[in-house]
Amino acid sequence: MEFLMTYGWAILVVLAAIAALAYFGVLSPDRFLPEKCTLPSGVACLDFTGTSTQVDLVIQNSAGFDMQNVNVYVNSTTTSFSCPVLAPGDTTLTDGEKDQYQCTGLTLPSGKFKGTLSIDYLNAQTGMTHTKAGELILKIP
């Protein structure tokens, strides 16, 4: 009986320490998620940055054909916003071209932002519209 009581108190102390670490945010999984911007093949997210009011993305066309009417969207469980291209009127991404897209007027909370990155475009060769979806994880200061 004394043997079981000794180990019982030791296990209780370890559980209390883990609970305290979790309560104060040391074991928060958000701290360990890396920042990333991923898209399926054919479209590449070369660079990205974000603040509480703005998200900037650099997208490159590597699909082998020109893309027309390119629109970029970022969606999460709480918000959805459109990201226009910085060069006004330039909605075409030729094969190999890269453009910068900027989402402004946002109110994102500090911490990790996790959302879906969607790109709508028209294939210039076939005339068919497509949507590519990826993932965007940002650390908002």
| said: Residues to consider are Leu27, Leu39, Leu21; find the one that is aliphatic (A, V, I, L, M) and out of contact with any Leu (no Cβ under 6 Å at 6 or more places or on another chain). | reply: Leu39
| So Val72 fits all but one of (1) more than 20 Å from Pro141 (Cβ to Cβ); (2) modelled with pLDDT under 90; what number is the exception? | (2)
| request: Search region 51-68 for residues that are on the phi > 0 side of the Ramachandran plot and pair each with any residue that is charged (D, E, K, R) when their beta-carbon atoms are under 7 Å apart and the residues are at least 6 apart or on different chains. | output: Gly64/Asp95
| query | So Asp90 clears everything in (1) loosely packed, with under 14 Cβ neighbours inside 10 Å; (2) in a strand (DSSP E or B); (3) among the charged types (D, E, K, R) except one condition, right? Which one? | reply | (2)
| query | Filter region 93-120 for residues that are among the β-branched types (Val, Ile, Thr) and touching a strand residue (DSSP E or B) at 6+ places or on another chain (Cβ under 6 Å); which is surrounded by the fewest Cβ atoms within 10 Å (Cβ to Cβ)? | reply | Thr104
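Residues being part of a loop (DSSP other than H, G, I, E, B), under 18 Å from the mean Cα position of the chain (by Cα) and under 25 Å from Thr131 (Cα atoms): count how many of those fall in region 43-79. Before you say what the answer is, go through the steps one by one.
Filtering region 43-79 for residues part of a loop (DSSP other than H, G, I, E, B) gives 51-53, 62-66, 76-79.
This time we only want the ones that are under 18 Å from the mean Cα position of the chain (by Cα), so: 51-53, 76-79.
Retained after the next criterion (residues that are under 25 Å from Thr131 (Cα atoms)): 76-79.
Number satisfying all stated conditions: 4.
The values are calculated or read from the model by the stated rules, or taken from the named source; none is laboratory data. It should be emphasised that the depicted structure is a prediction, and the values quoted were computed from it without experimental measurement. Note: ideal-geometry Cβ built from the backbone for every residue, glycine included; neighbour counts use all protein chains shown.
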